[in-house]
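Written below as structure tokens is the structure these notes are about.
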Amino acid sequence: MRIVMPLFDFFYRDKKEFIFTGGKYSLKRFVPEDEIPEIDLFSKQDLRYMELEQWALIADVESDSSYKEDINLLLLSFKIYKLSRLFIKYRLCKENSLRNFRLAETMQYVLREKSSDPISFEDLLTVDKGFVRLLEMNGISIRTHNALYFMYVGFFTRRWIEAFLFFMNALEALFSKEEPGAATRTVCSRVSCLLESKDRCTYRDIEYLYNIRSRIVHGNIAARDDPDENLINLHNLEYLLTECMKKILDEKIYLLYSDIDEKESFYDDLVARIR
């Protein structure tokens, strides 16, 4: 079964098509007249919208049982490595009319000027490697699965407060200790040490963002308060989280999460060594 998902806001500087590892998913030229089925589901506005796009993600699958989650992780890899504005809004299938969908929710971006770099073929190689590791990470443990889920939901919400809380939940899922208790110091220490306190990722930077999370939870910040500053803070948290994810994926740190003691020992040793 062939599922075609036109890519919106996809700025691709190269012209080469791309097949992702495993062969089930690919990036190909989108030809609307060949791919859009003639069914009542899509309005004239939908058709005009789709006809503007030039590229699509293609899924060649036997059933639709797993490809949706895989595509979500592929889109997440684009976000992690490029902070891209790209998103999908439709799933098209000429073979089976019941497999056509108009998606009610789409991936969001925080700041337009920070999410507009064009993607190259070399970038696709990096995204593909991240995608393969995200697939593996998703099944390693409940912690890693939940972290990816929280991150994914954070990228989908239109409300900055929701996105902020979900991104922070992802950090806590990855870096908090196993036993109950205050997590602020642990998360700030582990994240800053993992990222070697580089610019925007120091203990103080993370503590500042964590305090915003606490103020939201305790009712000290309202969604209407200075949205521009709130979006800047959200973008800083988005950057922090994606930098953590790149490190965890590139160095395969996520594999340690299959063993609680091994994971805890790694972060304890890291903090002790860096300090």
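Close amide H contacts of residue 119 (hydrogens built in the peptide plane, cut-off under 5 Å, sequence separation of 5 or more or a different chain): 11, 12, 13.
Dividing the radius of gyration of the alpha carbons in the chain by their Kirkwood radius gives 0.99 for Rg/Rh. Of the peptides 255-264, 145-154, 113-122, the order by per-residue mean of other Cβ atoms within 10 Å, starting with the highest, comes out as 145-154, 255-264, 113-122. With a threshold of 25 Å on the Cα-Cα distance, the over-threshold entries among 89/198; 28/94; 28/247; 28/129 are 89/198; 28/247. Mean separation of Cα pairs under 8 Å and 6 or more residues apart, divided by the residue count, gives the chain a relative contact order of 18 percent. Computed over the alpha-carbon atoms, the stretch 1-140 gives an Rg to Rh ratio of 0.94, Rh here being the Kirkwood radius from the mean inverse distance.
Karplus-based coupling profile of the stretch 123-135, in residue order and whole Hz: 4, 5, 4, 5, 4, 5, 4, x, 4, 4, 6, 5, 4, with θ = phi - 60° in 6.51 cos²θ - 1.76 cosθ + 1.60 and x standing for Gly or Pro. Maximal additional length on extending the residue 116-residue 239 stretch stands at 42.8 nm, based on 0.36 nm per residue less the C-alpha distance.
Each value in this text was obtained by applying a stated rule to the coordinates, not by laboratory testing. Just so you know, these numbers come straight off a predicted model, no measurement behind them. Note that we place each Cβ from the backbone using ideal geometry, even for glycine, and neighbour counts take in every protein chain shown.
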